[in-house]
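The next block holds one structure in the form of C-alpha cells; read it before the comments.
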Amino acid sequence: MTARKVIIVFNDDGHDTYKIDGKLVDLDNNLSSTVADIEGGLSARGFSVSLLPLRNVAGLESFTKAVSGSAQDTIIFNLCEGAFSKSAFEMNVAALLELYGARFTGSPPMALGLALDKGLTKDILSSRGVPTPEYAVMDRAPEALPDRLEFPLIVKPLREDASVGIDSNAVVNSLEELRSRVEFITKRYSQPAIVEEYIDGREFNIAVMGNGAGKKALPPSEILFVDFPEGKPKICCYEAKWVEESPFFRKTVPSCPADIPEALRDELQAIALKAYGIIGCRDYARVDMRLGRDGKIKVLEVNPNPDISSDAGFARAAKASGLDYPDLVAAIVNAAEARYRAADTPVKPVPAG
C-alpha cells in the first residue's frame, strides 16, 4: 500500500534575536524544529512527507504553484503562523490553500483571523456564555480608566500571538503605568493595545483535538510559577516561553496532567470544548485560561495554531492521554482527512412520508 502524502508548509522568516539586560541572545528557530519533529513523526507512521517553506514574496509564485498542484491524496500540514514576518497574514495563507482547493490541516481562515484579534474573540466568547476577563481596546494612552476596569491590569498588543509584546512590565498598577505601556505597545507594534483584567491565579491550558461529535479535550496542563522573582507578576511572558537564557524560562514549569480535582478538570475541559467550537477551530487547538482566587475560570485566549513540537505543551497533553508523538501528528492528519471525506460525501435525501 502506497503511503499517504503530506506536504508540510511553514513560514521561514529567518533567524531571530532577543535582548536581555542589554545583550542580544540568539533564539533557536522553533518552527524549524517543529517541522523536523512532524516530518519524523509522520514518516514513522508511514506517510510520505515533503517540505514547502514560504520564505519571501519572491517565492510566493512557486509556493502557490506547488499548493495548487497538490493531489487529492495529499494533505497539507499547515504550520504557517504568518507570512513575510507578519502575523496578520496567518489567515491569508490558509485562505490561499482554501482558494486553490488544497486539503489542509488546522483551522480555516476565519477562525485564524478571529483568534488573532483578542478583543473580538472576547466579545464573541462572552456573548455566547464563555467567561473572559474584562477588557478595553486602546489606540492611544487613556486620560482615565474605564469604569469596568480596576488595577492591576495587563497590557498586550491586540493582534499578536506567541506572547509577543508581553514582558515583565506588561502588568500595570497605576494610570501613569497604564498610559506609558499603552503608548509603548501602540508605537512598537503599530496596532492598538488590549488592556484587560489581570487575574492573579492559576494558569491552565487545554489541548483540544478532533471535529464535530468526535472532538475531545486532552488532560489539562498547568503552568507552575516556581520561585518567581520577587515583585514580578506571575505571567507566561515571551521570555518564559522562548528564551532559554532568561530566568523566567526556568521558573515557568509545565505540569501535565495538572494536579487538580476531577470537578475542576471537567469544568476546564467543558469550557475549552465550547470555546473551540464557538471560534470555529478544526482538527486541533489550545485554549488558555486562568482560575482566579474567587474560584472563577476565565478564558484568556484561543490559539487555533498552537506549538505542536515534540517538547511543547500540546505533545505533553497528548502523551498524558496515551498518544505518543508520531500518533499525535498522524491523528491530526487523519482528522483533516476524515473532515474532507465527510464533506465530499453526498447527503442522502430523506424519503417523504
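Observations
- Count - residues of region 302-319 that are in a helix (DSSP H, G or I), more than 30 Å from SER126 (Cβ to Cβ) and small (Gly, Ala, Ser): 1
Here's the yes/no breakdown for (1) in a loop (DSSP other than H, G, I, E, B); (2) more than 30 Å from SER168 (Cβ to Cβ); (3) within 25 Å of the chain's Cα centre (by Cα); (4) at pLDDT 90 or above:
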position: ALA36; (1), (2), (3), (4): no, yes, yes, yes
position: ALA58; (1), (2), (3), (4): no, yes, no, no
position: SER62; (1), (2), (3), (4): no, yes, no, yes
position: ILE75; (1), (2), (3), (4): no, yes, yes, yes
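- Single condition LEU112 does not satisfy, out of (1) modelled with pLDDT of 95 or more; (2) in a loop (DSSP other than H, G, I, E, B); (3) more than 19 Å from VAL35 (Cα to Cα): (2)
- Members of region 168-180 that are under 30 Å from SER221 (Cα atoms) and without any contact (Cβ under 8 Å) to a residue 60 or more places away in the chain: ASN169, VAL172, ASN173
- If you go through region 78-132 and keep only what is surrounded by fewer than 17 Cβ atoms within 10 Å (Cβ to Cβ), of a type in the set (S, T, N, Q) and in contact (Cβ under 8 Å) with a residue 40 or more places away in the chain, you end up with just SER85.
- Within region 184-215, tally of residues that are exposed (fewer than 15 other Cβ atoms within 10 Å of the Cβ) and either touching a strand residue (DSSP E or B) at 6+ places or on another chain (Cβ under 9 Å) or of a type in the set (Gly, Ala, Ser) (or both): 6
- Of the residues making up region 251-274, those that are touching a residue at least 60 places away in the same chain (Cβ under 8 Å) and out of contact with any strand residue (DSSP E or B) (no Cβ under 7 Å at 6 or more places or on another chain) are PRO257, LYS274.
- Any pair with Cβ under 7 angstrom, 6 or more apart, that starts in region 222-234 at a residue that is in contact (Cβ under 8 Å) with a residue 12 or more places away in the chain and over 25 Å from ALA207 (Cα atoms) and ends at one that is of a type in the set (Gly, Ala, Ser) and part of a loop (DSSP other than H, G, I, E, B): LYS232/SER168
- Residue within region 290-305 that is acidic (Asp, Glu), at pLDDT below 95, within 29 Å of ILE75 (Cβ to Cβ) and over 15 Å from the mean Cα position of the chain (by Cα) present: no
The values are calculated or read from the model by the stated rules, or taken from the named source; none is laboratory data. Computed from a predicted model, the values in this text were never measured in an experiment. Every residue, glycine among them, receives a Cβ derived from its backbone with ideal geometry; neighbour counts consider all protein chains shown.
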